[in-house]
Amino acid sequence: MLSVTLKGLAARKLRLALTALAIVLGVTFITGTLVLGDTLNRTFNTVIGTAYQHVSFEIRSRSAFDSDAAALDSSAYRKPIPESIATAVRRLPGVASVYGAVGGYAQFMARDDDAIGGGGTSTLGFSFDPNPRLSPYRLVAGAAPTAADDVVMDRATATKHHFAVGDRVLINLPNRPQRFTITGLVTFGSANALAGITLAGFDASTAQRLFNAAGHYDTIDVLAAPGADDVALQRAIARLLPRGVEVVTGQAVSDQLSAAVDHELSFISKLLLIFALVSLFVGGFTIFNTFSITVGQRTRELALLRVVGASRQQVFRSVLVEAAVTGLVASLIGLGLGVLAALGLRALLSAFGVTLPAEPLVFAARTPIVAIAVGVGVTVISAIVPATRAVRIPAVAALSDQDEDQSRPLRLRRVAGGSAIAAAGVVAVVGGLTRPSTALEGIGALAIFIAAAMLVPILARPLSGVLGRPLEWLLGTPGRLGRRNSMRNPRRTSQTAAALMIGLALVSSVAVLGSSLSTSAAASVDSAINADYIVTGSGGFSRSVTAAVSRLHGVSTTNAIYQGQFEFHGAVSTLTAASPVRLSQTVNLHVRAGAAAPAMAAGQLLVDTNTAAADHLHVGMMVPVRFAQSGLTRLRIGAIIRPNPIVGSFVVGDRLFLAHFHDPLPVALLLRTARGATGVPQALNRTLLPYANVGFDSRAGFERSQKRSVKKELGLIYVLLALAIVIALIGIVNTLMLSVFERTREIGLLRAVGMSRRQVRAMIRSESVIVSLLGAVIGVAIGTGLGIALASSLRLHGVTEISLPLPSLIGLLVLSAVLGLAAAGWPARRAARLDVLGAIATE
């Protein structure tokens with residue numbers, strides 16, 4: 001039987017090649033994702049390990065929050081520590097070197113006055129330690145900074161923007177922009193840069209002055225002398241430290257940084273793996289359909305095997321072995337292409353603003369195991385049902401070419417089973433949206449797709465008839481034959497359309513969610529902001545911007561907006577701050593209870609109605625909160641406001657905020673103009689010219705920018721979902737090719753009675769368009785429902801409007817027809833080129 005199976009595979013190379021292509025693409029995606037994830041993890045772990053390999057101990061305050069972000073951004077989650085600690089530790093026996101570090105916002109400006117980097121924590125200024133044994137930064141050119149106007153730049157930024165030692169560079173800083181001389185170029189450990197973060201290093205006293213940290217450090221690194229007892233030295237350091245300050249080993253710091261980076265990067269890997277599994281799921285329908293058709297076409301062959309002594313189990317195993325061999329070959333090919341896919345994914349993420357290091361790829365041992373196991377597993381599982389059908393066909397019935405038909409009981413069972421699975425899927429989706437639970441939502445969506453695939457055959461015949469009617473009117477006889485071909489085998493038609501249905505359902509749901517997000521973002525801006533202009537900067541901007549804008553002629557009111565992290569009821573949340581003075585002229589808080597401006601002026605906390613309902617809060621209640629810099633405190637609830645994603649769930653006055661956060665930067669500046677004022681935009685342009693990372697928009701312009709931001713984020717999802725659509729089109733090509741094989745004699749007879757080659761091509765293409773439209777109509781309907789449900793579940797997170805992008809949904813239907821037409825190109829040409837006499841003689 002094994003020999004017969006392998007010979008059968010060799011005889012059906014083209015059919016199996018098309019089947020394998022779907023698995024090749026899915027396995028390629030999975031392999032590329034695993035390779036990219038392993039490469040990123042290895043790269044960052046190596047860089048961090050190298051950077052901290054000589055640090056014996058690090059002294060720091062204890063983190064106020066249990067968060068990975070505390071390892072990545074120590075200054076935002078830990079209190080500064082007194083400079084005197086470094087002096088005391090330096091006197092201890094066994095200490096070779098001590099260096100206090102401070103850091104903050106420092107953004108380089110390019111020669112064309114464009115800002116370099118994304119702002120915020122991606123533009124890092126720091127105090128540079130010239131000791132190469134202790135500092136994580138390596139000086140690779142020039143000299144360390146010593147004067148107040150010296151700076152060292154990371155080599156990646158210098159190379160990309162054509163800076164060299166001795167050049168002057170403008171740097172945006174927390175207080176004001178300043179010019180510095182580049183004295184040297186540095187790397188972080190062995191890396192030219194760290195995930196796109198720009199590095200600006202100053203001497204210690206200059207860094208303390210620039211980042212408003214006089215008399216304090218963020219951390220203190222300690223290098224033990226050769227031969228020193230590390231355990232005893234750590235204990236001696238600990239005895240010098242005040243309450244709330246700790247000393248940890250350099251290895252512990254390295255491990256925490258690596259774990260935090262791995263956690264941040266895991267989101268990328270998980271996102272890509274989800275889309276890879278979606279592609280394989282769609283590919284599973286293609287495999288299932290292919291094996292179902294080939295088993296139907298091989299009924300005589302399988303019956304002969306039964307007649308000559310093959311058992312049902314042997315026939316069953318034969319079909320599964322065929323699937324396993326197909327899956328194995330496809331997985332091996334996909335494994336090889338996965339390395340190229342990893343490079344492509346890295347380029348794709350970079351195109352959407354996700355900066356990743358360009359390091360050699362890492363091919364871990366588990367990658368081929370996972371890729372092959374998934375590829376072969378999906379193929380074999382998809383072939384189980386066709387294999388079961390193969391052994392259920394009686395030998396006599398098969399020898400007489402009687403195909404298994406759907407009896408009424410089978411149809412009733414299909415309706416009952418599909419309906420039950422659909423109901424369970426809807427319940428799971430609703431439950432996942434209510435809790436919320438992403439896993440439950442995914443299981444529910446999967447169940448709905450499976451149920452749809454089971455129920456579509458019942459709708460395939462009437463829907464195909466309706467969808468094919470325009471083609472019949474347009475093409476005449478070829479359109480009529482294509483319509484009837486799609487109607488006469490509804491199971492095959494629906495199975496072919498199922499893969500495209502799933503892909504377009506996902507695209508439609510994303511389109512509905514994206515449209516709802518865009519509409520809600522615009523509505524939120526209009527509802528929350530009452531200002532005429534909004535000044536924003538990437539990750540925050542210098543405080544001098546506020547003073548400069550406030551002095552402009554025609555500007556009547558300004559309000560600086562701050563944001564930071566604090567702990568509320570055990571969860572780290574975002575706190576927004578604004579000035580209560582003339583609050584109503586710049587911000588709309590939509591108060592439900594209490595009074596916003598007086599409460600903010602009195603140092604009280606404003607919470608939204610969702611938080612108040614979830615935690616049973618009311619005006620006047622005292623609640624415990626925790627700040628990184630000032631620790632645990634209690635705030636009074638001063639007002640309850642309507643939820644709004646622009647403002648956030650928690651709002652306080654700027655005076656309270658500045659008292660609990662060390663040296664925060666404004667993230668936005670709202671301003672109102674005087675009645676009849678002119679020339680304000682031009683004045684803003686001139687004033688903000690030195691701050692190239694800062695821009696401004698009118699309220700309408702800010703709404704448009706919010707919409708563009710949503711579209712950009714969703715663009716990556718659309719690109720990743722495109723692979724599922726490609727695999728679905730491969731399924732259509734495969735089915736049409738198999739249909740041409742199956743109808744060789746029929747096509748020959750049509751040609752013999754006068755049908756031209758052009759009419760044959762039109763017939764095959766019309767059938768493909770009908771199948772594509774069938775999958776598109778059902779997929780768009782399901783996707784629209786899922787998108788509405790998902791958008792509705794996000795009302796608590798700012799999705800206040802449900803918007804149906806009708807032009808986009810209609811465009812998907814038109815695109816499906818075009819893709820179906822394109823998918824039929826090869827099968828249609830092959831059918832038209834059949835030899836008439838040879839086709840008629842085919843059995």
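Quick notes on this structure:
- Sorted from longest to shortest, the spans of the Cα atoms of segment 89-208 along the three principal axes equal 52, 30, 25 Å.
- Around the Cα centre of the chain, unit charges on the Cβ atoms of Lys, Arg, Asp and Glu (plus for the first two, minus for the last two) sum to a dipole of about 2960 debye.
- Scattering profile of segment 154-252 at q = 0.12, 0.23 Å⁻¹ [log10 I(q)/I(0), Debye over alpha-carbon scatterers]: -0.62, -1.23
- DSSP bridge orientation in segment 579-674 - percent antiparallel, rounded to nearest 5: 75 percent
- Angle in degrees between helix 312-351 and the longest Cα principal axis of the chain, rounded to the nearest 10: 30 degrees
- Globularity ratio of segment 460-558, using Cα Rg and 2.2 N^0.38 Å: 2.23
- Compactness index (Cα Rg / 2.2 N^0.38 Å), segment 549-593: 1.53
- Protein-only accessible surface at a 1.4 angstrom probe places the residues ILE448, ILE788, ILE23, ILE381 in the order ILE381, ILE788, ILE448, ILE23, largest first.
- Residue ranking by accessible heavy-atom surface, 1.4 Å probe, largest first, among SER486, SER584, SER808 comes out as SER584, SER808, SER486.
- Once all protein chains are placed together, GLU83 keeps about 70 Å² accessible to a 1.4 angstrom probe.
- Checked against a 31 Å cut-off, the cross-linked pairs LYS270/LYS712; LYS79/LYS712; LYS270/LYS707; LYS160/LYS711 give Cα-Cα distances beyond that limit for LYS79/LYS712.
- For Rg and Dmax of the Cα atoms in Å, the value calculated from this model appears in [x] 28.8, 119; [y] 46.0, 201; [z] 33.0, 104 under label [z].
- By a 1.4 Å probe calculation restricted to protein chains, ASP697 has an accessible surface near 50 Å², given to the nearest 10.
- Accessible carbon and sulfur surface of the chain relative to its total accessible area, %, 1.4 Å: 60 percent
- Note: relative contact order over the chain, using C-alpha pairs below 8 Å and six or more positions apart, is 17 percent.
- In this structure ASP203 has an accessible area near 20 Å², from a 1.4 Å probe over the protein heavy atoms.
- Across THR586, THR50, the residue with the most accessible area heads the list, and the full order at a 1.4 Å probe is THR50, THR586.
- Lys/Arg +1, Asp/Glu -1 at C-beta; the chain dipole; positive extreme among GLY375, GLY514, ALA548: GLY375
- A compact globular protein would have a Cα radius of gyration near 2.2 N^0.38 Å; the ratio found for segment 653-730 is 1.78.
- Using alpha-carbon coordinates, inclination of helix 13-51 to the longest axis of the chain, degrees: 10 degrees
- 0 to 90° range, to nearest 10: angle between helix 230-240 axis and the chain longest Cα axis: 50 degrees
- Dipole orientation for the chain: of the candidates GLY334, PRO462, ASN588, PRO462 has the Cα lying most toward the positive pole (charges on Cβ; Lys, Arg +1; Asp, Glu -1).
- DSSP beta bridge pairing in the chain, given as percent antiparallel to the nearest 5: 80 percent
- When shorter helices are ignored and each DSSP H run of at least 4 residues is given -39500 (n - 2.57), the per-residue value for the chain at 222 nm works out to -19500 deg cm²/dmol.
- Based on the Kirkwood approach, the hydrodynamic radius assigned to segment 624-695 is 15.9 Å, with every pair of different Cα atoms included.
- Segment 480-530, accessible area per residue, ligands and nucleic acids excluded (1.4 Å, Å²): 24 Å²
- With eigenvalues of the C-alpha gyration tensor scaled by 5 and rooted, segment 689-779, Å: 52, 14, 11
- Relative protection proxy for 679-687, 768-776, from highest mean packing down: 768-776, 679-687 (other beta-carbon atoms within 10 angstrom).
- Pair-distance profile P(r), taking every C-alpha pair of segment 565-700, with 10 angstrom steps and integer %: 11, 39, 30, 15, 5
The values are calculated or read from the model by the stated rules, or taken from the named source; none is laboratory data. Small disclaimer: the values here were computed from a predicted structure and weren't measured. Neighbour counts run over all protein chains shown; Cβ positions are idealised from the backbone, glycine included. Just the protein is used for accessible areas: all its heavy atoms, side chains included, with ligands, DNA and RNA removed. Shrake-Rupley method; radii C 1.70, N 1.55, O 1.52, S 1.80 Å.
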